[in-house]
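Chemist: Below you will find the structure I want to go over with you.
The values are calculated or read from the model by the stated rules, or taken from the named source; none is laboratory data. Only a predicted model underlies this, so the values are computations on that prediction, with no experimental measurement involved. Methodologically, a virtual Cβ is constructed for each residue, glycine included, from the backbone with ideal geometry; neighbour enumeration extends over all protein chains shown.
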Amino acid sequence: MSDYIIHNIGLTVLPQLDFNNLVDPDKPVHSFPNYYLGKLIGAKGTELELQRTRRGGGEEHVPNCVLRNDGGIALIRIHNRENLTIYDLPESTGDEVEDCVGVPQQSYPFAYAVVDYRDGRCQLAIEKSTSWDSKTNTIRICLENFFNEKLLRSMGIETILKEKPVKTTFEEFIDQRTIDHGDVIESFTFEYVNLKLHPTARIPESMQEEMDRFSKNLEVYNALSATTTMKMGSVVDNEKLKQLSTVVTLCTDNAFDLVVKFRDYGDYDCNKGIPAKYPMNDVVISHFKNFEIPDIVTSDFDLPTWLDEVFVKVIEGKDDKKIPTKPS
């Protein structure tokens, strides 16, 4: 079983003349941009022109293969090229080991990406795989750049891939991290504004005096905003942090922000929440890529059903109480 980070596929159509006759008369671009996204991915066996930027190494092609593209759902296997050195050790591992010669080889571990471009869906699920250091950002950027390179110039379709957030409140999150998972708060960073220059900021009455005190420091320098980072000891006042989070969530214009660093989870941004992450049985991918119809059509066996359930969960916030153990 693997976890998948869910992304929204945002498609914006810009006015464009169809000089190359790419538009299907029955599928106008402004109404069906998702159709052209699926068409671009291509049939089974297609290799997409994905590129990545290696630190100090320039641009590099990312090996990949479309395993299936059918019914508005595309499954792509995306490889992370790695350089390995293989040592052929002799049976006798004495002094001869020092003379052992390493042979450089390339390895191609992979992760799956599922593009759901059905009408009314447009979501992307990227596997959190150790093959990509359990990170999904590189794959997301590769796909986004590819879609824009091919669709923006030719058809005026701009693509933005963005992680979907899970609906939760900081009060719930902090309790579940510290109580249920035994996590520890190491520090927090609070960003605040000059209230004289930002008079519309909404602040709870119980926090007004403290916020005024923060603001007066900024008034001395006529500064717009500032941040304060506090490293925590063995005792943390969780209720006080919850009050700060209330200040943040009251202001829809992001006048304030609060980032809490947990020992195990890492940084949690009160304004951004947590990415939507859901587990998928390996047999779901196996059935889909092999064009097999499972005996039981549920999210445990069938990819379209899994995607449908995830789509509803994110919208309705059905997993409010289920907090991921690690960030993406």
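Chemist: Report, by residue number, each residue of the stretch 231-246 that is within 11 Å of F188 (Cα to Cα) and loosely packed, with under 11 Cβ neighbours inside 10 Å.
Modeler: Within the stretch 231-246, just K231 meets the criteria.
Chemist: Exactly one condition in (1) hydrophobic (A, V, I, L, M, F, W, C); (2) surrounded by fewer than 18 Cβ atoms within 10 Å (Cβ to Cβ); (3) without any contact (Cβ under 8 Å) to a residue 40 or more places away in the chain is false for L250; which is it?
Modeler: Evaluating L250 over (1) hydrophobic (A, V, I, L, M, F, W, C); (2) surrounded by fewer than 18 Cβ atoms within 10 Å (Cβ to Cβ); (3) without any contact (Cβ under 8 Å) to a residue 40 or more places away in the chain leaves (3) as the failure.
Chemist: Here's a follow-up. Mind checking whether some residue in the stretch 58-79 is surrounded by 13 or more Cβ atoms within 10 Å (Cβ to Cβ), over 25 Å from H7 (Cα atoms) and at pLDDT below 85?
Modeler: Within the stretch 58-79, none of the residues are surrounded by 13 or more Cβ atoms within 10 Å (Cβ to Cβ), over 25 Å from H7 (Cα atoms) and at pLDDT below 85.
Chemist: Hey, among the residues in the stretch 181-213 that are among the polar types (S, T, N, Q) and surrounded by 13 or more Cβ atoms within 10 Å (Cβ to Cβ), which one's modelled with the lowest pLDDT? Steps first, answer last, please.
Modeler: Here is the first cut: in the stretch 181-213, the ones among the polar types (S, T, N, Q) are 187, 189, 194, 200, 206, 208.
From what is left, the residues that are surrounded by 13 or more Cβ atoms within 10 Å (Cβ to Cβ) are 187, 189, 194.
Working: S187: 92, T189: 91, N194: 86.
By that ranking, first place goes to N194.
Chemist: Can you name the condition, by its number, that K216 falls short on among (1) over 21 Å from E172 (Cα atoms); (2) modelled with pLDDT under 85?
Modeler: Failed condition: (2).
Chemist: Looking at (1) assigned to a strand (DSSP E or B); (2) modelled with pLDDT under 90, find the lone condition where I6 falls short.
Modeler: (2)
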